[in-house]
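Read the structure below first, then the notes.
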Amino acid sequence: MQNVRHLLSARRFLPLFSTQFLGAFNDSLFKQAVVLFVTYQLYSDPAKEFQFSAIAQALFILPFFLLSALAGQLADDHDKARLIRLVKLAEIGIMIVGGAGLLLANIPLMLAAVFAMGVHSTFFGPIKYAILPQHLHKDEVLGGTGLVEAGTYIAILLGTILAGVLASRAEFAAFAVLGFAFLGYLAGRQVPPAPPAAERLPITWHIVHASIELVSATMHIRRLFLAILAISFFWTIGAVLIIIFPPLVKNVLGANEQVASMFIAIFSIGIAIGSVAINRMLKSEVSARFAPPSVLFMGVFVVLLHFVSLTWGDHGAELTTLGNFLFNPMAWPMILCLLGVAITGGMFVVPLYAFLTTTVPKTQTARTVAANNIVNSGAMVVGALLAFGLSSLGIGPVGQLLLVAAMCVVAAWLGWKLHQACD
């Protein structure tokens, strides 16, 4: 990352990086605290726990499907720095609602805040990617994207760790999410101006028509079409894995919420490592040549994770602590498999995001990211519903790991088609 390390001290990048970091941290802290609080403090039914995890994931994703077209149009048509300040101000209000839900142990309030955070992320997502080619030089875009992705997953890691610590102390979690929302707003105020291009496109306010129009306008470009489909499969895989982790840890491994947080943390560390490593391997070139082998190895690690879970022994009624879990002889093979899944996943997805921001004119970058978010979110909602449905049929988290491995094969095929089309 030598060619982009200087960006971490540059005003054209550091405030955006900090804002995204704090947003990802707070988002992870809140969502994970809600899922762990409900799973470990309110419910004692494995089926209900799995279904709540799936519902929370689907509610967070749904705004991406409904509002991404509008978000992309607004980001291309307005100063992106000003939009960042408005979005981060809204986060403070959302966390007031979410904090109240945690304090009152009110599930509808918590789910409402999860949905509202999905709306917040829907509007922030196109801005953060579209602003990169506007503030960075062409040879910095891949590295800058890698830094943003790595920072995002490190933030998710730290938020997840803190959520595991605070999950049983809802009042501390409530005040923490509100405090970090305020810090994110302060960071967002430092992002330098990013005015719209002189050539501005009209905004379509009808969200359904706008979504159809936006996706249709983007998907006719073959390499964008393939990149968006490949990213969608990746995030469908990610959605199923995030749904699986809490019930897998509690009901299969017999471990407490700190171990569940560790799983998300390992996943975050791995994607951060993969995000940085792939830029090094590609030498800042935007290319999909490593995408197929990366996601195939990801599938292999998922299968290994499945078999390690199958061989896990019986557990008692009392949940295992993190310290005791790490002394289990099967714990480290599971950790290594999970780390392998995440590293190869990061190597797969980061170059694909760089395709989105470098293939189209800067006047349409946010719209392109928004079109990607629409397709991604639709695929992730399908993944959440599939996980929910399979759970209702009695197929638990261990069995669903095989579904994830099968999706990796499809993602590899799409990565290969993209490599053929673009490289």
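The values are calculated or read from the model by the stated rules, or taken from the named source; none is laboratory data. Owing to the predicted nature of the structure, the values given are computational and were not obtained by experimental measurement. Glycine gets a Cβ as well: all are built from the backbone with ideal geometry, and neighbour counts include every protein chain shown. Keep in mind that these areas ignore ligands, DNA and RNA; they rest on the heavy atoms of the full protein, side chains included. Shrake-Rupley method; radii C 1.70, N 1.55, O 1.52, S 1.80 Å.
Taking the stretch 146-174 as the range and being within 14 Å of GLY99 (Cα to Cα), among the hydrophobic types (A, V, I, L, M, F, W, C) and open to solvent by 20 Å² or more (accessible area, probe 1.4 Å) as the test, the residues that pass are LEU166, PHE172. Would you say THR320 is surrounded by fewer than 18 Cβ atoms within 10 Å (Cβ to Cβ), closer than 17 Å to ALA255 by Cα and β-branched (Val, Ile, Thr)? Criteria not met by THR320.
Is it the case that the stretch 324-346 has a residue that's within 22 Å of the chain's Cα centre (by Cα), open to solvent by 30 Å² or more (accessible area, probe 1.4 Å), closer than 30 Å to LYS138 by Cα and at pLDDT 85 or above? Within the stretch 324-346, one or more residues are within 22 Å of the chain's Cα centre (by Cα), open to solvent by 30 Å² or more (accessible area, probe 1.4 Å), closer than 30 Å to LYS138 by Cα and at pLDDT 85 or above. Which ones in the stretch 273-283 are β-branched (Val, Ile, Thr) and crowded, with 24+ Cβ neighbours inside 10 Å? ILE278 - this is the single residue of the stretch 273-283 that is β-branched (Val, Ile, Thr) and crowded, with 24+ Cβ neighbours inside 10 Å.
Checking the stated criteria, THR358 turns out to be β-branched (Val, Ile, Thr), part of a helix (DSSP H, G or I) and open to solvent by 30 Å² or more (accessible area, probe 1.4 Å).
Here MET298 fulfils each of the conditions (1) modelled with pLDDT of 75 or more; (2) open to solvent by less than 50 Å² (accessible area, probe 1.4 Å); (3) over 21 Å from LEU401 (Cβ atoms); (4) of a type outside the set (Asp, Glu) apart from (3).
From the set of residues in the stretch 181-194 that are open to solvent by 60 Å² or more (accessible area, probe 1.4 Å) and assigned to a helix (DSSP H, G or I), which is farthest from LEU86 (Cα to Cα)? Out of the qualifying residues, it is LEU183. Could you please find all residues in the stretch 133-142 being surrounded by fewer than 24 Cβ atoms within 10 Å (Cβ to Cβ) and either among the aliphatic types (A, V, I, L, M) or in a helix (DSSP H, G or I) (or both)? Selection gives PRO133, GLN134, HIS135, LEU136, LYS138, ASP139, GLU140, VAL141. Looking only at the stretch 169-227, which residues are at pLDDT 75 or above and of a type in the set (Lys, Arg)? Scanning the stretch 169-227 gives ARG169, ARG189, ARG222, ARG223. Of all residues in the stretch 250-272, one or more are touching a helix residue (DSSP H, G or I) at 6+ places or on another chain (Cβ under 7 Å), open to solvent by 20 Å² or more (accessible area, probe 1.4 Å), at pLDDT 80 or above and farther than 26 Å from GLY399 by Cβ.
Among the residues of the stretch 163-174, none qualifies, meaning not one is in a helix (DSSP H, G or I) and of a type in the set (Ser, Thr, Tyr).
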